[in-house]
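Data first, discussion second: the structure below is written as structure tokens.
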């Protein structure tokens, strides 16, 4: 049964840059009946890296997306992930940890093209 998924920035960037949008991983997930859920951290990453024209595209594209906040529960899970990774001497970008923590807090899988980073996080389901 299809489920919602927390989208990683990498899927959105692939979608934006690819001419044939239907060939992207994001489009395939949507065709499979899944629904994207957006961490506000992904929104930050997208908007921080976009120029004015791109921001207009993203604001329109993401307008109806359900947004999950970076709240106290997510912060606690992120801190646990960070400590666990640090004990294993693994360094990940903070935003990746925050996105993973958001997915875990809401019991959702994450969809990413960056499996190498996310697969190091215990308890995270990756599509």
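Any read-out appearing in this document is the output of simple, stated calculations on the displayed coordinates, not a laboratory observation. The structure presented is a predicted model; accordingly, all values stated were derived computationally and were not measured. Methodologically, a virtual Cβ is constructed for each residue, glycine included, from the backbone with ideal geometry; neighbour enumeration extends over all protein chains shown.
Any idea what % of Cα-Cα pairs in segment 5-114 are farther than 16 Å?
Counting every Cα pair in segment 5-114, those more than 16 Å apart make up 60 percent.
Which ordering of 8, 96, 20 is given by a fewest-first count of other beta-carbon atoms within 10 Å?
Numbers: 8 29, 96 22, 20 7.
Fewest to most other Cβ atoms nearby, the residues stand as 20, 96, 8.
Between residue 50 and residue 87, what's the calculated FRET efficiency when r is the beta-carbon distance and R0 is 35 Å? Round to 0.05.
0.50
Expressed as a rounded percentage, what relative contact order does segment 5-114 have, with Cα pairs under 8 Å and six or more residues apart? Mind showing how you got there, number by number?
Numbers: 112 pairs, mean separation 43.6, N = 110.
Computed over segment 5-114, the figure is 40 percent.
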